[in-house]
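The values are calculated or read from the model by the stated rules, or taken from the named source; none is laboratory data. What you see is a predicted model, and the numbers here were worked out from it, not measured in a lab. Please note: Cβ atoms are built from the backbone with ideal geometry, for glycine as well, and neighbour counts cover all protein chains shown. Side chains are part of the model used for accessible areas, which takes the heavy atoms of the whole protein and leaves out ligands, DNA and RNA. Shrake-Rupley method; radii C 1.70, N 1.55, O 1.52, S 1.80 Å.
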Amino acid sequence: MAGETFTYPRDPDQEQGREWWLPAPPDRAVVGTAKMNRNQAGNGSHVASASYMVDPAHAGRGIGRALCAYSLEWARDAGFRAMQFNAVVETNTHAVRLYRSLGFTVVGTVPEAFRHPAEGYVGLHVMHRPLV
């Protein structure tokens, strides 16, 4: 920690940091998160990727949409030409619908590439959206 924006001590260990940033209920906690990165290195580094998680207790409130929209803005501002999701479980219909509504298309599906705990073997979509 740089010590420039929070009153926390500058040298917390990992557990202290987790306790400060992810408080136990009934305090508020993180309800969604996004990870943004290059999809590939080298000659594929012009395509971004991202992953999202939303607390199921907060589903349907626009958190996933906001995270995805932000990551698209981040990718565009960083100069990426497209965003690609490599593994969208086809039975995750809420995510597939959200991504389609934000301009992604399914460019292919790998059959039975995901072992779903309730549905058995299901496909993984590769989804793509240009940014330029």
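Observations on the structure shown:
- Taken together, the criteria place residue 113 among residues that are surrounded by 14 or more Cβ atoms within 10 Å (Cβ to Cβ) and either among the polar types (S, T, N, Q) or more than 29 Å from residue 28 (Cα to Cα) (or both).
- Scope the range 121-132; condition open to solvent by 30 Å² or more (accessible area, probe 1.4 Å) and either outside any strand (DSSP E or B) or not aliphatic (A, V, I, L, M) (or both); matching residues: 121, 128, 129, 130, 132
- Within the range 34-65, being hydrophobic (A, V, I, L, M, F, W, C), open to solvent by 60 Å² or more (accessible area, probe 1.4 Å) and farther than 22 Å from residue 108 by Cα holds for 53, 57, 59.
- The residues of the range 77-102 that are open to solvent by 40 Å² or more (accessible area, probe 1.4 Å) and under 21 Å from residue 60 (Cβ atoms), listed by number, are 90, 91, 92, 93, 94, 97, 100, 101.
- Screening residue 74 on (1) at pLDDT 95 or above; (2) open to solvent by less than 60 Å² (accessible area, probe 1.4 Å); (3) of a type in the set (Phe, Trp, Tyr) shows it passes everything except condition (2).
- Candidate set: the range 91-104, residues that are in contact with a Phe, Trp or Tyr (Cβ under 9 Å, 6 or more places away or on another chain) and β-branched (Val, Ile, Thr); chosen: the one modelled with the lowest pLDDT: 91
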